[in-house]
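Heads up: the structure comes next, in structure tokens.
The values are calculated or read from the model by the stated rules, or taken from the named source; none is laboratory data. The structure presented is a predicted model; accordingly, all values stated were derived computationally and were not measured. All Cβ positions, glycine included, derive from the backbone under ideal geometry; neighbour counts span all protein chains shown.
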Amino acid sequence: MKKIVFKHYFSTKLGEMLMLSDRERLYLLEFVDRKHLEKIIGRLGVEISAVEEKIPLQDQVEKEVNAYFLGQLKTFTLPIGFIGTEFQKAVWNQVCQIKYGQTSTYQQIAYKMGNAHAARAIGAANGRNHFAIIVPCHRLLHADGSLADYAGGLWRKKWLLEHEADDPQANKGD
């Protein structure tokens, strides 16, 4: 039986976003113009409820995302329902450890996961992340420091990195 989720759209500073959630967990948060969004939704194996219902989690997501864009939130507290392989979940959990205003590389994540040769696999898992901003894959760069691909568009990645770098507290830790 497929998990029934609610669909909710909302506007942000960088464009409209789509969230899919049930009453307890968020399963997707993406910009609506993300590459292959329909395919991603299909891979989640969820069924979108035909009932239009406003649930409290939708308000929480909007509040936290908007606070992030205003520079008032650096760490999300949203309940995430990861759907993926154990390896993908491990990668996404590592990506979540990259602090606001900081960056990392696929190679650094590979070392942290104990497999120095897994950088490409980590890149592939990262490409299947469906939690824009919340699982901060925008903070991942190529080993040479150049911008790695971002499904929401490189212009958004650049904006997000500049937004976080503009915070005078960003590089001082928690």
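Quick notes on this one:
- Members of segment 135-154 that are in contact with a helix residue (DSSP H, G or I) (Cβ under 8 Å, 6 or more places away or on another chain), under 23 Å from F10 (Cα atoms) and either among the aliphatic types (A, V, I, L, M) or part of a strand (DSSP E or B) (or both): V135, A151
- Meets criteria (under 22 Å from Y100 (Cβ atoms), surrounded by fewer than 19 Cβ atoms within 10 Å (Cβ to Cβ) and in contact (Cβ under 8 Å) with a residue 12 or more places away in the chain) for K13: yes
- Under the condition of being surrounded by fewer than 13 Cβ atoms within 10 Å (Cβ to Cβ), in contact (Cβ under 8 Å) with a residue 40 or more places away in the chain and assigned to a helix (DSSP H, G or I), the residues counted in segment 49-94 number 0.
- Look at (1) out of contact with any helix residue (DSSP H, G or I) (no Cβ under 6 Å at 6 or more places or on another chain); (2) within 21 Å of G152 (Cβ to Cβ); (3) among the small types (G, A, S) and you find that S49 fails only one, number (2).
- Condition met for D33 (within 15 Å of the chain's Cα centre (by Cα), in contact (Cβ under 8 Å) with a residue 12 or more places away in the chain and outside the structural domain of A125 (by the TED database)): yes
- Residue satisfying condition, being in contact with a strand residue (DSSP E or B) (Cβ under 6 Å, 6 or more places away or on another chain) and surrounded by 19 or more Cβ atoms within 10 Å (Cβ to Cβ), within set H138, H130: H130
- Filtering Q97, Q102 for residues that are under 14 Å from the mean Cα position of the chain (by Cα) and either modelled with pLDDT of 95 or more or in a loop (DSSP other than H, G, I, E, B) (or both) leaves a single hit, Q97.
- The residues listed here are K63, K13; of these, the one that is among the charged types (D, E, K, R) and either assigned by the TED database to the domain that holds F131 or closer than 15 Å to L160 by Cβ (or both) is K13.
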